[in-house]
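The values are calculated or read from the model by the stated rules, or taken from the named source; none is laboratory data. If you're wondering where the values come from, they're calculated on a predicted model, not measured in any experiment. In this analysis, Cβ positions are derived from the backbone assuming ideal geometry, glycine residues included, and neighbour counts consider all displayed protein chains. Calculation scope for accessible area: heavy atoms of the full protein, side chains included, ligands and nucleic acids excluded. Shrake-Rupley method; radii C 1.70, N 1.55, O 1.52, S 1.80 Å.
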Amino acid sequence: MKRAFTRLLAGLVLAGSLAGVAGCETQRGPGDEAVPDARLETHAVLESTPTAEGLEYIRQVADAHQRADDNPDKAAEILREALAITAPEDLGEAEILRLELAARLGETLLPERAREARELLTEMVPPEKSLPIDRASAHALVVLGDAALAEGDDALAAGTFARSIRMMSLLRQELKQ
Amino acid sequence: MSRTNRFAFLLAATLLAGCAGGTTGPVVVSPNGQPAPDQPEGLAEGDSADELDARKDKLVLQMRELEQAASSDPKQCEDLCSLATSICGVSEKLCNIADDHAGNDHYQDLCREAKRECHEAQADCVACVEGLAGNGGEASCAGEPAEPKAEEPKADKPKADAAAEPKKSD
């Protein structure tokens with residue numbers, strides 16, 4: 001009986017520890033205040049050889065942007081549909097096109113639907129994900145920062161704004177070369 | 001030595017001492033009667049060391065201006081200035097957040113880095129625009145900036161409209 005109780009107690013302690021680790025998604029500093037995460041991993045996108053599928057995807061994305069311009073009231077729906085289109089695997093530029101779609105969709109959702117914008121872009125540009133060195137990445141980061149600011153998440157906003165500035169500085173260095 | 005020979009010797013010695021003591025050329029006198037300065041006056045293309053140095057410095061400056069102008073093109077300046085505007089705008093947002101966390105070093109460090117990036121970006125924009133102005137503008141005299149033409153972007157703090165449409169005048 002005593003042995004069973006000891007095992008049960010040990011199990012409860014272990015379970016509680018694991019739950020605490022799993023629930024810790026953000027960095028915490030002294031005083032339990034969230035710490036801005038300004039990590040930025042980047043990579044260059046190589047130009048790909050255009051294929052029929054690639055060109056068709058690019059055309060669909062361009063068409064979506066045009067329709068969103070022409071129908072502001074339905075822009076969010078149009079852009080979300082475009083984002084759902086599966087990009088060809090051999091089209092390296094697709095990730096840039098998707099980031100631009102996500103950034104624009106996020107802008108469209110702000111400020112009334114800031115939570116949706118935040119969820120969308122948090123998935124697209126998390127700190128641990130390498131981003132292409134492109135204005136689309138910077139745009140997406142800025143919009144995520146605005147969404148976080150609208151939701152009152154200072155740590156996410158500050159960290160994301162810092163990442164966007166670093167991305168834009170990389171672009172600036174490329175221009176000067 | 002006879003008196004005649006002694007006199008001849010003394011005369012010869014005097015003349016030789018005058019020769020060994022240095023050459024005294026003709027003294028140039030200016031119209032006001034004062035001795036003329038060493039450097040020739042009023043000559044635009046003199047060959048004195050100072051004048052050659054001045055011409056060399058002027059040519060070096062012109063060469064640097066040409067190099068800078070050759071590396072600047074309008075599209076590059078437009079992109080640099082647009083980035084500067086964006087960087088500084090986001091920097092302001094970040095630092096506003098940091099103001100609410102005055103005691104937190106993480107926020108303050110990010111704000112400092114953001115401000116530095118803004119200053120560097122603005123400097124790049126100005127340098128690029130000045131390079132363009134030097135290439136296409138007409139300098140009134142050395143060291144003074146040319147009057148900016150209406151279609152050229154101004155070399156001041158970049159603004160969103162100037163960055164987006166640099167060819168429009170304010």
Q: Would you rank A:Arg59, A:Arg80 by solvent-accessible area, highest first, keeping every protein chain in place and using a 1.4 Å probe?
A: A:Arg59, A:Arg80
**Q.** Solvent-accessible area buried by B and A, counting both chains, probe 1.4 angstrom, square angstrom
**A.** 2200 Å²
Q. Once you sort the root eigenvalues of the Cα gyration tensor of region A:45-135 as a ≥ b ≥ c, which label holds: rounded (a/c under 1.5), prolate (a/b larger than b/c) or oblate (the other case)?
A. oblate
**Q.** Which listed pairs, of B:Lys58/B:Lys115; A:Lys176/B:Lys93; A:Lys129/B:Lys93; A:Lys74/B:Lys75; A:Lys129/A:Lys176, have C-alpha distances above 32 Å, in listed order
**A.** B:Lys58/B:Lys115; A:Lys74/B:Lys75
Q) Between the DSSP loop rule and a limit of at most 16 other Cβ atoms within 10 Å, which GluC sites (Glu not before Pro) in region A:90-177 are left? A) A:Glu112, A:Glu128, A:Glu151
**Q.** Prolate/oblate/rounded label for region B:79-129 (Cα gyration tensor, a/c 1.5)
**A.** prolate
Q | Shielding score for B:115-127, defined as the mean number of other chain Cβ atoms within 10 Å | A | 2
Q.
Please report the accessible area of A:Ile58 (heavy atoms, 1.4 Å probe, ligands and nucleic acids excluded) in Å², nearest 10.
A. 70 Å²
